[in-house]
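The values are calculated or read from the model by the stated rules, or taken from the named source; none is laboratory data. Quick caveat: nothing in here was measured; it's all calculated off a predicted structure. When we count neighbours, we look across all protein chains shown, and the Cβ atoms used for this are built from the backbone with ideal geometry, even at glycine. Surface accessibility is based on the protein's heavy atoms, side chains included, excluding ligands, DNA and RNA. Shrake-Rupley method; radii C 1.70, N 1.55, O 1.52, S 1.80 Å.
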Amino acid sequence: MNERDLLHTDRVLVVEGKYDAARLSHLTDAMILLTDGFGIYKDKKRQQLLKALAKKNGLILFTDSDAAGFRIRTYITNLVGAENVVQAYVPAIHGKEKRKPQPGKEGLLGVEGVEDEIVLQCLKDALGAEIGAASARPEGRQITYTDLYNWGLSGTPGSTERKYQLLNTLGLPPRLSKKELVEALNRLYSFEQLDALQAEIFEG
């Protein structure tokens with residue numbers, strides 16, 4: 001699927017695990033965040049990030065259709081407020097994912113196991129009339145990987161410590177990948193806002 005055919009949405013797509021995220025990354029250009037299964041219950045920083053993004057952009061919850069998936073879905077909906085969420089549901093299809101030796105406890109396919117067409121239809125059904133709506137990102141230019149380098153947050157001596165300090169000050173999860181970090185920052189700040197903030201944190 002080329003870039004022109006990707007499903008576009010400004011909402012943040014929330015899935016349970018890395019295999020779900022890998023599966024969806026070639027179907028949509030949405031920012032994808034993981035709950036790390038039930039790990040979301042204890043990860044206060046990730047909870048804060050979900051709340052901030054839910055308020056700013058809105059979330060699409062796309063968890064598996066088993067009992068565990070519904071528990072996670074209910075928890076996040078209550079956490080961020082139902083008004084900030086749209087729900088995408090995987091049909092209850094029996095089977096097992098190719099990478100697994102046996103089916104899950106309930107014998108249902110998860111997000112990673114269903115066909116592309118079904119995944120896209122689930123997302124389109126959830127988004128409805130929102131598909132193709134204008135972006136709600138902050139005004140000003142986008143933050144890039146080069147900016148992270150220039151701010152000493154990536155690829156320079158001491159960058160790991162600086163990145164953790166910035167994330168801690170902003171209340172963001174410390175284990176965000178570089179891609180997740182850039183996407184999260186772009187949802188919450190413009191370049192100009194973050195440039196001033198990081199100068200305040202490290203030079204003020």
Original post:
Right, residue 184: of a type in the set (A, V, I, L, M, F, W, C), exposed (fewer than 13 other Cβ atoms within 10 Å of the Cβ) and assigned to a helix (DSSP H, G or I) or not?
Top reply: no
Subject >> Test: residue 108 is open to solvent by less than 60 Å² (accessible area, probe 1.4 Å) and more than 24 Å from residue 52 (Cα to Cα) >> reply: yes
Original post:
Hey, any hits in the stretch 58-65 for a residue that's open to solvent by less than 20 Å² (accessible area, probe 1.4 Å), under 28 Å from residue 107 (Cβ atoms) and of a type in the set (D, E, K, R)?
Top reply: no
Subject >> Filtered residues of the stretch 42-70 (kept if touching a helix residue (DSSP H, G or I) at 6+ places or on another chain (Cβ under 7 Å), of a type outside the set (Gly, Ala, Ser) and more than 24 Å from residue 117 (Cα to Cα)) >> reply: 46, 47, 49, 50, 51, 53, 55, 56, 57
Subject >> Lone unmet requirement of (1) more than 30 Å from residue 89 (Cβ to Cβ); (2) assigned to a loop (DSSP other than H, G, I, E, B); (3) open to solvent by less than 40 Å² (accessible area, probe 1.4 Å) for residue 173 >> reply: (1)
Original post:
Which condition does residue 30 not pass, out of (1) within 11 Å of the chain's Cα centre (by Cα); (2) over 17 Å from residue 112 (Cβ atoms), if it passes all the others?
Top reply: (2)
Original post:
Going by the structure shown, is residue 86 open to solvent by less than 50 Å² (accessible area, probe 1.4 Å) and part of a strand (DSSP E or B)?
Top reply: yes
**OP:** Scan the stretch 7-51 for residues that are without any contact (Cβ under 8 Å) to a residue 24 or more places away in the chain, among the basic types (Lys, Arg) and part of a helix (DSSP H, G or I) and jot them down.
**Re:** 18, 44
